[in-house]
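Visitor: Questions regarding the structure given below will be posed in turn.
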Amino acid sequence: MKTQYYTATSLDGFIATEDDSLDWLFPLGELDDSSYPEFIADVGALAMGSATYEWLLRNAEKVAAETGSTWPYTQPAWIFSSRKLPVIKGADLRFVSGDVRPVHAQMRAAAGTRNIWIVGGGDLAGQFYDAGLLDELIVQIGSATLGKGKPLFPRRVLSPTLHLVSVRQMGAGLAELRYQVRRAG
């Protein structure tokens, strides 16, 4: 079982525009041509920040057209937010706030032997990293630049550095890098 941050980023390191748009990403490749199908098959629980959750709410029609459902996940999801957010019918959601450590324990119990996916955003993934709970970063780098926006991983990671495990080209617009998080000592 791993806790993984699986995401896409622009070439200049942003996962979304300043107004949380992902429109830059969709022309770069097809979901079925990526590692996503095999990745999601091994996921037993999800963690998501409120901006990512609200993006799903705002883009429910796009999500349904792409995946067949306004909530495309069968796994239980923990939504980190300090605000009260609307609930998506039929989704297994748990709204939480605060320290990621006790929530991670709940997610591990729900996931069993399967992986935990930190869906987004970058700061939430950083909180799991800070707590020593993040095992892997899987980053698809797109051939687009945004200039500014929501950062991929707003943390300084210098010693030990991340360990590059694999590189994969996905069409003409994306490259996937997999990094293992090294622990000190």
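Visitor: Can you say whether residue 39 is surrounded by fewer than 19 Cβ atoms within 10 Å (Cβ to Cβ), assigned to a strand (DSSP E or B) and either at pLDDT below 95 or hydrophobic (A, V, I, L, M, F, W, C) (or both), as far as the supplied structure shows?
Guide: Details: surrounded by fewer than 19 Cβ atoms within 10 Å (Cβ to Cβ): yes; assigned to a strand (DSSP E or B): no; either at pLDDT below 95 or hydrophobic (A, V, I, L, M, F, W, C) (or both): yes.
No: the conditions fail for residue 39.
Visitor: Condition test on residue 12, is it in a loop (DSSP other than H, G, I, E, B), under 15 Å from the mean Cα position of the chain (by Cα) and in contact (Cβ under 8 Å) with a residue 12 or more places away in the chain?
Guide: So residue 12 does not fit the description; no.
Visitor: When the range 146-185 is examined, which residues are found to be polar (S, T, N, Q) and either within 19 Å of the chain's Cα centre (by Cα) or over 19 Å from residue 25 (Cβ atoms) (or both)?
Guide: Of the residues in the range 146-185, the ones polar (S, T, N, Q) are 159, 161, 166, 169, 180.
Residues satisfying the conditions are 159, 161, 166, 180.
Visitor: If a residue must be of a type in the set (Ser, Thr, Tyr), farther than 14 Å from residue 31 by Cβ and outside any loop (DSSP other than H, G, I, E, B), how many such residues does the range 49-81 contain?
Guide: 3
Visitor: Among the residues of the range 105-120, are any within 21 Å of residue 58 (Cα to Cα), free of Cβ contacts under 8 Å to residues at least 24 places away in the same chain and in a strand (DSSP E or B)?
Guide: Here is the first cut: in the range 105-120, the ones within 21 Å of residue 58 (Cα to Cα) are 118-120.
Still in the list and also free of Cβ contacts under 8 Å to residues at least 24 places away in the same chain: none.
No, the conditions are met nowhere in the range 105-120.
Visitor: Further question: Output the residue which, of all residues in the range 158-185 that are more than 24 Å from residue 17 (Cβ to Cβ) and of a type in the set (A, V, I, L, M), is surrounded by the most Cβ atoms within 10 Å (Cβ to Cβ).
Guide: Step by step, filter the range 158-185, then rank; the result is 181.
The values are calculated or read from the model by the stated rules, or taken from the named source; none is laboratory data. As the structure is a computational prediction, the values presented were derived from the model and not from experiment. Neighbour counts run over all protein chains shown; Cβ positions are idealised from the backbone, glycine included.
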